[in-house]
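The values are calculated or read from the model by the stated rules, or taken from the named source; none is laboratory data. What you see is a predicted model, and the numbers here were worked out from it, not measured in a lab. In this analysis, Cβ positions are derived from the backbone assuming ideal geometry, glycine residues included, and neighbour counts consider all displayed protein chains. Accessible surface is based on the protein model in full, side chains and every heavy atom, while ligands, DNA and RNA are left aside. Shrake-Rupley method; radii C 1.70, N 1.55, O 1.52, S 1.80 Å.
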Amino acid sequence: MQPILKESDFRKELKKEPRLGYLFFGDEDYLKTFAIKLARETLCPDPTYAFFNEFFLDAVDFAPDKLLDALMPMPMMADKKLVVVRGLNFNGIRQGELDELCDVLAHLSEYDYNLLIFHVSADCINPGRLPSKPSATLSALAEYLTPVQFDRCTGTKLTAWMQKHFAHNGVNASAELCSEMSDYCGHSMFVLAGEIDKLSFYARYHQKDTVTAEDMRLVCTPTPEYDVYAFTNAIMNGRQDLALAILNDYRYHRIDPVIIMGEVSRLVCDMVTVRSMLGDGLPSSEIASLLKMHEFKLGLYMKSLRNTTDEKMQKLMDACLSADFSLKRSGKGYEPLERLICTI
């Protein structure tokens, strides 16, 4: 399996010598779309010929032989052409379908005048436990495509991006306002881009050069945003009302309960590992390094672990194991997750 790149690594390679194929995966779809736009502009800066040098294949009519048909034609008045496959969901792919796709990808070197990008939306591929234990699907694809992981942009990085977006629209926004806005509107960059544009145009219409929190709450749309950490934390702390509310939100968005359970179990195992390392006296910087974990995430885990005990964590692990077994054996939908919430 090829090493997993970050978005910044892809940009560097794009400027120098891009590889034949990339697999875009991870939580932040906005950055994937922007990277594809950047690739298109880099490979064919002349818009006159761009139409002839980019091919988009969508999941609705995708087949491996159609991918081969897209790879075969030579670029026109350019060194390379861009081929993008988007919308595929690899969570339910059969082994035979994956093998058929890999058979086509094995011929990429025969068509080295292409830059092939698979745009996989968030939650449409199980990455496994990265970086040590990638999933079988990711490992198979990464034999032919260089994986690029697009992490969710948070904290100061997200704030800086928001300020630049406001400045591009001709208005100013403080770091404090941007931080409050991401809490209010959610952390999706797609959502935030639209809300920033809406707020910027409102400010300019009213001849303001700086947006305020009052403007933001008047114009922008609040977006309740739950994640697996908030869900697991609510279960750990016995906040059944909050945990059930988050589960209802998952149900509303039709998130597969098996995926939810897998994410919760993975997070609980990570917390148990962190707790064990802390008990051994390891400093947080060393734990973050050993687990390849962002220090912000580690800080959240440590904060949660201060309010629990070894016995409680063991009880949670046992309950997760039981719920996971019930989900995979009985197919009872969200019921095992509801019982998990109500038994802790």
Computed over region 196-321, Kirkwood Rh from alpha-carbon pairs, angstrom | 17.3
Expressed as a whole-number percentage, the relative contact order of region 185-263 with C-alpha contacts under 8 angstrom and at least six residues apart is 26
With a 1.4 Å probe and every protein chain left in place, work out the accessible area per residue of region 41-103 in Å², rounded to a whole number.
-> 60
Could you tell me which chymotrypsin sites (Phe, Trp or Tyr not before Pro) in region 23-88 are loop residues by DSSP with no more than 16 other beta carbons within 10 angstrom of their beta carbon?
-> Phe62
For the chain, modelled as a GNM with alpha-carbon contacts under 10 angstrom, which of Ser139, Ser179, Ser284 fluctuates the most?
-> Ser284
Expressed as a whole percentage, what fraction of the accessible surface of region 152-234 belongs to carbon and sulfur atoms when a 1.4 Å probe is rolled over the protein heavy atoms?
-> 54
Rel. contact order, % - alpha carbon contacts under 8 angstrom, at least six apart, the chain = 16
Given a 1.4 Å probe and the protein chains all in place, what does the accessible area of Cys342 round to, in Å² to the nearest 10?
-> 80
From the cross-link list Lys12/Lys133; Lys66/Lys164; Lys164/Lys297; Lys15/Lys198; Lys32/Lys328, the entries with a Cα-Cα span beyond 29 Å are Lys66/Lys164; Lys15/Lys198; Lys32/Lys328
Amide H neighbours of Val84 under 5 Å, at least 5 residues apart or on other chains, H built in the peptide plane: list them.
-> Phe55, Phe56, Leu57, Ile117
Region 1-154, relative contact order [Cα under 8 Å, separation at least 6], % | 43
Grab the other residues whose beta carbon is less than 10 angstrom from that of Leu57, score K and R as +1, D and E as -1, and report the net.
-> -1
Using a 1.4 Å probe on heavy atoms of the protein chains only, the accessible area for Thr223 in Å², nearest 10, reads 50
Keeping all protein chains in position, work out how much accessible area Ser109 exposes to a 1.4 Å probe, and write it in Å² to the nearest 10.
-> 80
Ranking by accessible area, most exposed first, for Met293, Met1 with a 1.4 Å probe | Met1, Met293
Sorting Glu263, Glu13 by accessible area (1.4 Å probe), largest first, what list results?
-> Glu263, Glu13
For every other residue with a beta carbon closer than 13 angstrom to the beta carbon of Leu68, add +1 if it is Lys or Arg and -1 if Asp or Glu, then tell me the sum.
-> -4
In a Gaussian network model over the chain where Cα atoms closer than 10 Å are linked, find which of Ile93, Ile125, Ile117 has the largest mean-square fluctuation.
-> Ile93
Straight-line reach from Lys315: which aspartates and glutamates have a Cα under 18 Å away, not including same-chain ones fewer than 8 places off?
-> Glu263, Asp270, Asp324, Glu338
Environment charge of Phe201, counting only residues whose C-beta is closer than 12 Å and scoring Lys/Arg +1, Asp/Glu -1 | 0
Residue of Arg275, Arg306, Arg11 that the Gaussian network model of the chain assigns the largest fluctuation, springs spanning Cα pairs under 10 Å = Arg306
Centre separation in Å (Cα based) which lies between region 76-113 and region 1-38 = 15
With every protein chain present, what is the per residue accessible area of region 185-344 (1.4 Å probe, Å²)?
-> 57
